[in-house]
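All of the numbers you see were taken from the coordinates with simple rules; none came from a lab. In this text the structure is predicted, and so the values were computed from the model without any measurement. A quick note on method: Cβ atoms are made from the backbone with ideal geometry, for glycine too, and the neighbour counts reach across all protein chains shown.
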Amino acid sequence: MSDLIERFLAGERRALSRILTRVENGTPEGREYLRQLYPRSGRAHTIGITGGAGSGKSSLTGSLASELRKRGHEVGVIAVDPSSPFTQGAILGDRIRMQDLVLDPGVFVRSMASRGALGGLAPTIDDVVAVMDAFGFPYVFIETVGAGQDEVEIAGTALTTVLVNNPGTGDDIQALKAGIIEIADVLVVNKADRPGADVLVSQLRALLSLAPSEGRDIPILSTVATTGDGVPELVDAIDEHRAWLDTSGELDRHRRQEARHQVLSVAQRILLEQIRRETSEETLGDLVGQVAGRSLDPHTAAEQLVEQGQAV
């Protein structure tokens, strides 16, 4: 274990990959690696790229990474792909769409399957981000699945959340609903060369004018990820948000919120694993049968499972 840590600290990408695999799978060895490396994290600017399916998140992430490489920065990218609800497998298509990045030695792309997790992320995403942060990447991008309005979990993982919209899909109004738009630190209208882009920008601006101000105006930028148009300005906006976090004192508050989110998320996962491990199939089957037969409600059944787990 110490040999792999030493190679990791020396900047060996193969050691990074091996540690990430163990951490992502939640193995005891992976948790030990995380314990050793976590104190080294907290320096990277973590950026969440979220938005609806087909909004161009992967292309935009690739363009952002390319722009940062031009500015002399190394970049880590975590691309979360949807997984099968039956096999938990995933195509990992984001890696296919980022072939140019994979060939760049200054960019490290890690694909993850969502494994059924809600919110557009994966169960161990925070741990994977911490390891890539500890490796020394100054920028770490987290691209979410693209499930839609419920992708709000990214706000508990990333320092800067970029919400990507695009016109002409017949679903523009989804961007105007409460929930996902409230987590945005930067708003982007991608595929801005399409008809209706200006209208969408105006709609977003009108919506933001009605929202309560928190001491900072949320920028709205237009981009064409495939050509790079507007991408340098987007990188500047991302950097400006990080600078604002530092100078306004919001960074400390965000760190505490992030830590609270992570602790509760891990505790929830541990409790679920404990219940699954200590509950017999006979007991679970009996409770499931009662709920299915409407003689017991799901909340009472769940409470009984938790109580039985604590009693063991």
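Charges at C-beta only: +1 for Lys and Arg, -1 for Asp and Glu. How large is the resulting dipole of the range 261-311 about its Cα centre, in Debye rounded to 20?
Approximately 200 debye in magnitude.
Can you work out the Karplus-derived ³J(HN,Hα) for every residue in the range 253-265? Use 6.51 cos²θ - 1.76 cosθ + 1.60 with θ = phi - 60°, whole Hz, and x for glycine or proline.
Along the range 253-265, the couplings run 5, 5, 4, 5, 5, 4, 5, 4, 4, 5, 4, 5, 5 Hz.
Please give the FRET efficiency for Leu9 paired with Asp217, using the beta carbon to beta carbon distance and R0 = 45 Å, rounded to the nearest 0.05.
It comes out at approximately 0.65.
Note the full-extension length gain between Glu32 and Gln308 as 0.36 nm times their separation in residues minus their Cα-Cα distance, in nm to one decimal. Mind showing how you got there, number by number?
Working: separation 276, 0.36 × 276 = 99.36 nm, distance 2.90 nm.
So the extension gain works out to 96.5 nm.
Taking a ≥ b ≥ c as the square roots of the eigenvalues of the Cα gyration tensor of the range 219-280, is the shape rounded (a/c under 1.5), prolate (a/b larger than b/c) or oblate? It would help to have the intermediate numbers written out before the result.
On the way: a/c = 6.55, a/b = 1.99, b/c = 3.28.
Because a/c hits 1.5 or more and a/b fails to exceed b/c, the range 219-280 counts as oblate.
Enumerate the amide H contacts of Thr161 below 5 Å, restricted to partners 5 or more residues apart or on another chain; note that Pro and chain-start residues carry no placed amide H.
Gly48, Asp185, Val186
Using θ = phi - 60° and the Karplus form 6.51 cos²θ - 1.76 cosθ + 1.60, what ³J(HN,Hα) does each residue of the range 10-25 get, whole Hz, x for Gly and Pro?
These are the phi-based 3J(HN,Hα) values: 7, x, 7, 5, 5, 5, 4, 4, 5, 5, 4, 4, 5, 5, 4, 7 Hz.
I'd like the FRET efficiency for His299 and Ala206, computed as 1/(1 + (r/R0)^6) with the beta carbon distance as r and R0 of 41 Å, rounded to 0.05.
0.50
So for the pair Ala259, Thr227, with labels modelled 7 Å out along Cα→Cβ, what separation do we get in nm?
Distance between the two pseudo-spin positions: 4.7 nm.
Sort the following peptides by mean Cβ neighbour count (other Cβ atoms within 10 Å, averaged over residues), highest first: 155-168, 231-244, 9-22, 287-300.
155-168, 231-244, 9-22, 287-300
Can you list residues whose amide H is under 5 Å from Asp81's amide H, if they're 5+ apart or on another chain and H is modeled 1.01 Å from N?
Here Met112, Ala113, Ser114 satisfy the definition.
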